[in-house]
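Where a number appears in this text, it was derived from the coordinates with a stated rule and is not lab data. As the structure is a prediction and not an experimental result, all values here were calculated from the model. Note: ideal-geometry Cβ built from the backbone for every residue, glycine included; neighbour counts use all protein chains shown.
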Ligand SMILES: Nc1nc2c(ncn2[C@@H]2O[C@H](COP(=O)(O)OP(=O)(O)O)[C@@H](O)[C@H]2O)c(=O)[nH]1
Ligand SMILES: [Mg+2]
C-alpha cells in the first residue's frame, strides 16, 4: 500500500515535473520569440533610420544641385570677374571637362600655337591643370580660361560651378572625349539651371576614327561613317534616356565633333580630311574672325 502510495506520489511528482518542464520550455520559447521580435524590431528601426538618413542626404544634395533660388548676385559676378581679370571687350570663355579630355590641346589648336610658343597650354597626362589659367586670344577676340577638370574633384557639379565661378564667364565649353560622364551631365544641368550658355564639344575624332580603321581594317571613309553614326546614336540615346526619366532638364545640345588637326587646319585657312563639325563649333562660339580667316581660302 505504502509502495503504491509511494509509486502514486512518484508518478504525481514526475507528472508535476513534466508539467513544470513543459511550462518552462514554453516560457523559454516565448521569451526567445519575444527576444527575436525585439531584435527584428531593432533591426527594422535601424534600417528605417538608415533609409531616412539616406533620404535626407539625397534631398540635401538635390537642394544643393537644384536650389529653388540661385543666390548668385550681381555683386558675386562683379567680384568674380575682377578676380579672373575678365575682359569686358572680349568674349570670356571657360573650358570645363574631365582631365585628359583634350581641353589644353583644344586651346592650343584654336590659338594656333606650338609647344615652343609663348602661351602654349601644357598638355598630356602629367599636365593636370590644378589652377585656372588665362589665355588671351587676340585673333578671335577671346579670353580662354582653362579650368581644373570637374571629374577630378570630389564635389557636386553645383559646388564645382560655384568654386570655379563659372557664372562669371560669357560662355562655358564642356570638352569630352567619348560619351558624356556623370559629372559632365551634372555640369550641363547646372549651366542650364543658371541659363549659362554651355557648348558641348567632343574632341579627338581623328584618334577615334584612326582606331576604328586599324582595329576593324576599314577604309578611312568607312571608319569615319561608323564613328559618326555611333556619336549621333549616343546623343540620341542620351536624350531619350533623359526624356524617359522625365528629367527636369532634357538636354538640347549639339555635340560638336572636332579634332585638334581639324581645328588647326581651319585656323590656318585650310580644310582637313579630319574635319567634322569644326566650322559649326566655331560658329556656335561666335569665333567669326578665325572662321572667316579659316574658310576664306
Ligand atoms: N589624336 C588626338 N589627340 C588629342 C586630341 N586632343 C588631345 N589629344 C591628346 O590627349 C591627351 C590629353 O590632352 P590634354 O589637352 O592635355 O587634356 P586636358 O587634361 O583636358 O587638358 C594629350 O596626350 C593630347 O595630345 C585630338 O584632337 N586628337
Ligand atoms: Mg589641361
Approximate spin-label separation residue 194-residue 61, in nm, with each point projected 7 Å along Cα-to-Cβ: 2.1
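At 0.36 nm per residue, minus the direct Cα-Cα distance, what do residue 29 and residue 85 gain on full extension? Give it in nm, one decimal, please.
So the chain would gain 12.4 nm between residue 29 and residue 85.
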Alpha-carbon centroid distance for the pair the stretch 164-197 / the stretch 213-227, whole angstrom: 31
Full-stretch length increase - residue 207, residue 225 - with 0.36 nm per residue and alpha-carbon distance subtracted: 5.1 nm
Sites residue 141 and residue 283 - FRET efficiency at Förster radius 22 Å, r taken between beta-carbons, to 0.05: 0.90
